[in-house]
Amino acid sequence: MSSGVSRQRVEQCFRLAALQDPRANLEEAEKWARAVRERAARQQQLRDGVLLSELSRPCRMMLLVNPQSGKGQALILYNNHIQRMFNEAGIIHTLVITERQNHARELVKEADLSQWDALVIMSGDGLLYEVINGLLERPDWEEAIRTPLGILPGGSGNALAASVHHYSGASPVSSEELLVSCGFLLCKGLVSRMDLVSIHLSSSPRLFSFLSLAWGFVADVDIESEKYRHVGAARFTVGTLVRLASLRVYKGRLAYLPATKDHNNQQGLRNNMTVHCNNQASSLTPPPVLCRPSRDSSCHNTFHNSCHSNNSLKVRRSESTPSRSATKAPSGPPDSLLVPLDQPLPANWVVVPEEDFVLMLAMYQSHLAEDLLAAPDAVSDDGVIHLFYVRAGISRTALLRLFLAMEKGAHLATNCQHLVHTKVRALRLEPYSPKGIITVDGEVVEYGPLQAEVHRGLSRLITG
């Protein structure tokens, strides 16, 4: 995977000897260092015609680390790479170690977000799934979901981290090289918009997804390979081979709302617009809250810790934290393209004629894993769902060839007659098979009918 040139940390030492007093010399050197950092931060960055905003300086980040993710080495990787990078970049960060499932979700749901300029996750993709859904469960979800989010690969799949690296235009890398790249992009602090997809299940509350929705082969491999987690990203290769040995067919009904040409033209118009930060006007509506001015307040209001500490901290809610009302009002943006699951589809939807599938995969980022470029032309805020499905009848050899080609994003060029790819704005899936697995961002959800709609640019992502 690491065939290209990867980012390396290079240290250049300059000696300042203009003054006789060592203390004055140090102050002068620090002044130069600050000037270099501030100058670098003022450089305007364009991507696809859009001027990216940047985090405020000095930047205060909450860094959430799952010590059990992947090979269980997230804290070691933090100590070996990230801590030093953040310190050198002048990023003030609070390290929070998650202790259980949904810990991060509960934390961000109650946190005083004014204390941080960004929330950063060092884990697999599952921890960010918790954070996003926690933010959208808050009464102030409209502002909360605009808190810039960052990702550092510390799990097995690391799909969003690989996507962020891909969006930067750098050559493909993996493992610790990917971590260094994502750390560098975080230190740059440039912020883009990111689409989120709302998903309705038959009897569970609505949830939000940033990465993928899978049914069939991909979902089975993701969950069944959990037993091989100790081998890291290689677990997916092992799981794929095991599932190929006993290939299944999944019965169901799939329908979607195609992305229209008018919708694609709106994306082209958006590329000529500009996003500003630091209280400047924006030509996009609604106006984004991409960064906040730095505050001098300490962090003891909500959590008993310090923003200036880079040590691991057990986070506790303060007694002064207001409790939420027992009556929970619906939060998150309304869905304008969906009708209730028990109602017929609108006439402008397309129903897939086949009912026998090997897999269905909906993607809204470029990568499905570190080494799987599933949607090569996807960007974080294109406002579409990249829908893939493979019809029954494909041979094991042809399916394996597809996944091997996906490592370089070449699977769409294989002209496989069983593979279909289309861009959609909403979809509905009704499984007929009595048993199966459905995953959202790699997490198992309720099995049964579901539908989904993309919400363009709803959240913010640090992409460097």
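The values are calculated or read from the model by the stated rules, or taken from the named source; none is laboratory data. On a predicted model such as this, the values are computed, not experimentally measured, just so you know. Heads up, the Cβs are rebuilt from the backbone with ideal geometry, glycines too, and the neighbour counts pull from every protein chain shown. For accessibility, only protein heavy atoms count, side chains too; no ligands or nucleic acids. Shrake-Rupley method; radii C 1.70, N 1.55, O 1.52, S 1.80 Å.
Listed values, structure above:
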read-out: Selection from the range 395-408 of residues that are crowded, with 19+ Cβ neighbours inside 10 Å and free of Cβ contacts under 8 Å to residues at least 60 places away in the same chain; value: Leu402, Met406
read-out: So Gln365, is it within 22 Å of Gly239 (Cβ to Cβ) and at pLDDT 95 or above; value: yes
read-out: Where a residue in the range 199-216 is under 16 Å from Glu430 (Cβ atoms) and its partner, wherever it lies, is among the aromatic types (Phe, Trp, Tyr) and surrounded by 19 or more Cβ atoms within 10 Å (Cβ to Cβ), with Cβ under 8 Å and at least six apart; value: Ile199/Phe208; Trp215/Tyr250; Trp215/Phe357; Gly216/Tyr250; Gly216/Phe357
read-out: Any hit, the range 316-331, residues being open to solvent by 20 Å² or more (accessible area, probe 1.4 Å), part of a strand (DSSP E or B) and modelled with pLDDT under 95; value: yes
read-out: Scan of the range 361-393 for residues that are open to solvent by less than 10 Å² (accessible area, probe 1.4 Å), in a loop (DSSP other than H, G, I, E, B) and closer than 18 Å to Leu254 by Cβ, ordered by number; value: Tyr364, Ala374, Ala375, Val384
read-out: Of the criteria (1) at pLDDT 95 or above; (2) open to solvent by 30 Å² or more (accessible area, probe 1.4 Å), which one Ser171 fails; value: (1)
read-out: Unique residue being farther than 22 Å from Gly157 by Cα, assigned by TED's automatic domain parsing to the domain that holds Ser209, assigned to a helix (DSSP H, G or I) and not hydroxyl-bearing (Ser, Thr, Tyr) when the list is Ala405, Ala426, Ala398; value: Ala398
read-out: Boolean, Phe403 is aromatic (Phe, Trp, Tyr) and touching a strand residue (DSSP E or B) at 6+ places or on another chain (Cβ under 7 Å); value: no
read-out: Residues (more than 21 Å from Asp117 (Cα to Cα) and either of a type outside the set (Val, Ile, Thr) or free of Cβ contacts under 8 Å to residues at least 60 places away in the same chain (or both)) located in the range 182-198; value: Ser198
read-out: Matching residues in the range 429-463 - criterion: being basic (Lys, Arg), in a strand (DSSP E or B) and open to solvent by 20 Å² or more (accessible area, probe 1.4 Å); value: Arg456
